[in-house]
Ligand code: UDP
Ligand code: MG
C-alpha cells in the first residue's frame, strides 16, 4: 500500500467542465490505486471558490456517487490562490502528498504518475512545467513570458513556465502553513521553502469547456501581487531615479560654470533649471530612503519563517 495522495482542484463557476474532470480524475486515481502506486485512502478534493453556478451541487453529487471524491466549499470567492491554499490546508494532515491542478483539464493529468514517481525518488516538491504553449494566444504567450522575465529581474526565485500544477509533500505543506501572508503568491513561496525538488514537462492544452476565469484585469493584479510580495526592488528604482536627477543637476552646474567663464550665459537659466533638477533629485532620494524603511517593515510584517531545519545529526 502506497502513500496517501490528495488531488486538490480549485473551481470557480466550473459546471461546464466538472462532469468531465471528475470522470477523468476519478479514473486516473482508481488506476493508480489498483496499480498500488498510491494508497486507497487517496482522494480528489474539489474546492468551490464561492461559485455562483451549480458547481457545489455537482461536487455533492459526485461525492455521493464516488466516496473518493470530496469537496471544500468556501463561503465567498477568494480567488484561485486562496482556493488552492484552503484546499491544501484542509487536507494537509490527511495525506502524505498533495497535487494541485486546475479544473479545466488544461494540465495533462497523465503527468500525475510522473509526479508520484519523483516523490517516491525523494522529491518533496515536483513542479509541472509547460513545454509548449501552442494553444495559448500570442498575447497570453508574450505577457506570460514577460512576467517570468520581470520576476527574475526582480530577484524572485521562480520556476519558468510553471503555473500552480505541482506536487508537494506533507513536509512542504506543513512549512507552507507557516507563511501567513495575505497577498498570497504560491509560485514564489514554494521555491522559498526549499527541499529537494524536480520538474516534469508537459504540453498545456486548450481549456476543455467554459471560459477562462482569469480575465486581463485579474491577470495584471496577480502579476503586480507576485512582484510586490517578493521584491522591494521597485522602491530602489526611486532611489536610482533620485541619484540620476542629482547627477544631471551636477552636470548642469558644471555646464553653467563653463558657460560663465566663457561669458556666454543666458541670465536666469541656471537658477531655475538647476534648482528644479537638484530639488527633484533630493526629493526622489528622500522618498527612496523612506521607501527602504517601509520595505523593511513590509518584509518584517509578513512574519515569514526565517529558516527550517531539514535534518539534524547528533
Ligand atoms: N479559479 C478559482 N477562483 C477564481 C478564479 C479561478 O478557483 O476566482 C480556478 C478555476 O476554476 C480554475 C483555475 O482557478 O480551476 C484556473 O483558472 P482558469 O483556467 O480560468 O485560468 P487560465 O487557465 O485561463 O489562466
Ligand atoms: Mg485554465
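What is the gain in length, in nm to one decimal, between residue 219 and residue 276 on full extension, counting 0.36 nm per residue of separation less the C-alpha to C-alpha distance? Before the final figure, lay out each step's value.
Numbers: separation 57, 0.36 × 57 = 20.52 nm, distance 3.84 nm.
In short, 16.7 nm is gained.
Could you let me know the centre-to-centre spacing of the stretch 244-302 and the stretch 65-141, using Cα atoms, in angstrom?
51
Given C-alpha coordinates of the stretch 93-141, what is the ratio Rg to Rh with the Kirkwood estimate of Rh? Mind dumping the intermediate values first?
Details: Rg = 13.4 Å, Rh = 12.8 Å.
My calculation of the ratio gives 1.05.
Counting only Cα, what are the radius of gyration and maximum Cα-Cα distance Dmax of the stretch 43-91, in Å?
10.4, 28
What is the stretch 32-144 by shape, rounded, prolate or oblate, if you read a ≥ b ≥ c off the alpha carbon gyration tensor as root eigenvalues and call it rounded for a/c under 1.5, prolate for a/b larger than b/c, and oblate otherwise?
Numbers: a/c = 1.72, a/b = 1.04, b/c = 1.65.
Oblate.
For the stretch 219-314, what does the convex hull of the Cα positions come to per residue, in cubic angstrom? Intermediate results must be reported in sequence, preceding the final value.
On the way: hull volume 15.7 nm³, N = 96.
Convex hull of Cα atoms, per residue: 164 Å³.
Summing -39500 (n - 2.57) over the DSSP H runs of n ≥ 4 in the chain and dividing by its residue number, what mean residue ellipticity at 222 nm do you reach, to the nearest 500 deg cm²/dmol?
Numbers: 10 runs with 159 residues, N = 314.
It comes out at -17000 deg cm²/dmol, rounded to the nearest 500.
Taking the Cβ of each residue in 247, 123 as the centre, tally the other Cβ atoms inside 10 Å and list the residues starting with the fewest.
247, 123
Once a ≥ b ≥ c are taken as the square roots of the eigenvalues of the Cα gyration tensor of the stretch 62-213, is the result rounded (a/c under 1.5), prolate (a/b larger than b/c) or oblate (a/b not larger than b/c)? Present the calculation step by step, with values, prior to reporting the outcome.
Numbers: a/c = 1.33, a/b = 1.15, b/c = 1.16.
Rounded is the answer for the stretch 62-213, as its axis ratio a/c remains below 1.5.
R0 = 30 Å: FRET efficiency of residue 178 with residue 94, Cβ-based, nearest 0.05? Could you put the intermediate results ahead of the total?
On the way: r = 19 Å, r/R0 = 0.63.
After rounding, the FRET efficiency stands at 0.95.
Can you sort 202, 298 so the residue with the fewest Cβ neighbours within 10 Å comes first? The partial results should precede the final answer.
Working: 202 17, 298 14.
So the ranking, lowest neighbour count to highest, is 298, 202.
If each residue's Cβ is checked for other Cβ atoms within 10 Å, how do 186, 282 rank with the fewest at the top?
Values: 186 21, 282 14.
Ranking 186, 282 by Cβ neighbours within 10 Å, fewest first, gives 282, 186.
Checking a compactness column here: for the chain, what do you get for Rg(Cα) / (2.2 N^0.38 Å), N being the number of residues?
On the way: Rg = 25.8 Å, N = 314, 2.2 N^0.38 = 19.6 Å.
Relative to the rule-of-thumb radius for its length, the chain sits at 1.32.
Read the figures in this text as sums done on the coordinates, not as results from a lab. Here the structure is a predicted model, which means the values were calculated and not measured. Don't worry about glycine lacking a Cβ; one is built from the backbone with ideal geometry, like all the others, and counts go over all protein chains shown.
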